[in-house]
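The values are calculated or read from the model by the stated rules, or taken from the named source; none is laboratory data. None of these values were measured; they are calculated from a predicted model. A quick note on method: Cβ atoms are made from the backbone with ideal geometry, for glycine too, and the neighbour counts reach across all protein chains shown.
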Amino acid sequence: MRSPEELITIHHETAFAQPPVLVHAFAGFVDAGGGVRLAADHILSSCEHTLIASFDVDELLDYRARRPRMSFVVDHFASVDMPQILLYDVSDSHGTRFLLLVGPEPDYQWMRFMAAVDVIVARYGVRLAAGLSAIPWPAPHTRPVGVTIHGSDPSLVFGIPAVNGEIEVPGHVGAMLELHLGQNGLPSLGVTAQVPHYLVQFEYPRGALVLLEGLTSSTGLVIPHDGLATAARAADSEVAKQLDGNDEFATVVSALEQQYDQLSASGAHTPAGGFGAIDPADIPNADAIAAQVEEFLAGLADDGDGIKGEN
């Protein structure tokens, strides 16, 4: 493996009086509804921050898989928006400083990238790592968005209801970091929002809001929620408007509500909004409702004032 330090460029020298928390939030594969990206953007827009380091994206990203956006003006290309993986020194609402690592999930050199994060952990004396992710979930938008908090040590999630059972999921850098850092002795946890599966391709601010609430409860960091809460209410109103008069999709949402309420009444839902053991037979088959979902999403996409999809 080539030196992981070569992936990092330090832009601003800084030191922490107290060991900081490292929050990592990668957009891409596990970012349903843009929840992770929206949460990271909200942190940077609402908290004081300083860029302290960047990572060599030429080494880490596949530009043909996620082509940079370019601006063409009249007769020439005017600009290009290159993706970046950046590390910030951020201060929360109480002045507590923490590190925020944001950007697209790396495509290449995952092991070297994680070794580079080890360099960051050692350089700044990180005491805890926390990752954000958002996944599709068979639940209606009319019920609270569920959240799962998981960690490398039981003490990190003590008192938080857990999901029973064992599953296999595709690997992603956020989960790999949680595992890797935990195995190396750094307490490491993750906050995962459960976004209604029929809204995952659109910006869904409520998912981001749930992520920030979970981050606050699990790390003690204090992030203002006001602007994001307003955006979440506006998005909820837009979904309700699109649902009004769409009898087919209203039937789908009603079925999901009934399932959610039955599981909640039986105790399968946890108080935190997560799920306990669920019989796969109770989960609706997405293929069976595809036509109604497509019709609903088409209505959202056609409305210029609606929820924006990712480009």
Exactly one of H150, H141 is crowded, with 16+ Cβ neighbours inside 10 Å and in a strand (DSSP E or B), and that residue is H150
All but one of (1) crowded, with 20+ Cβ neighbours inside 10 Å; (2) farther than 30 Å from R2 by Cα hold for S188, so report the exception by its number. (2)
Of all residues in the stretch 111-157, count the ones that are over 27 Å from I85 (Cα atoms) and of a type in the set (V, I, T). 3
Please specify each residue of the stretch 93-108 satisfying the condition of being surrounded by fewer than 22 Cβ atoms within 10 Å (Cβ to Cβ) and in contact with a Pro (Cβ under 9 Å, 6 or more places away or on another chain). S93, T96, R97, P104
Please find, among G245, G171, G159, the residue that is at pLDDT 90 or above, surrounded by fewer than 20 Cβ atoms within 10 Å (Cβ to Cβ) and assigned to a loop (DSSP other than H, G, I, E, B). G171
Considering each residue of the stretch 40-58, count those that are farther than 18 Å from T96 by Cα and surrounded by 18 or more Cβ atoms within 10 Å (Cβ to Cβ), and give that number. 3
Those residues of the stretch 99-128 that are out of contact with any Leu (no Cβ under 7 Å at 6 or more places or on another chain), within 18 Å of E6 (Cβ to Cβ), among the charged types (D, E, K, R) and in contact (Cβ under 8 Å) with a residue 24 or more places away in the chain come to a total of 1
Close pairs from the stretch 149-163: first under 21 Å from S264 (Cβ atoms), partner surrounded by fewer than 17 Cβ atoms within 10 Å (Cβ to Cβ) and at pLDDT 85 or above, Cβ under 9 Å, at least 6 apart: I149/S217; I160/S217
Strands (runs of 3 or more DSSP E) lying entirely in the stretch 29-98 (those with 2 or more residues that are within 25 Å of L7 (Cα to Cα), modelled with pLDDT of 95 or more and out of contact with any strand residue (DSSP E or B) (no Cβ under 9 Å at 6 or more places or on another chain)): none
Under 19 Å from L38 (Cβ atoms), among the small types (G, A, S), at pLDDT 80 or above and surrounded by fewer than 16 Cβ atoms within 10 Å (Cβ to Cβ), is that true of G220? no
Could you tell me how many of the residues in the stretch 185-241 are assigned to a helix (DSSP H, G or I) and among the polar types (S, T, N, Q)? 6
Given A232, A240, which one is free of Cβ contacts under 8 Å to residues at least 24 places away in the same chain and either over 19 Å from the mean Cα position of the chain (by Cα) or surrounded by 19 or more Cβ atoms within 10 Å (Cβ to Cβ) (or both)? A240
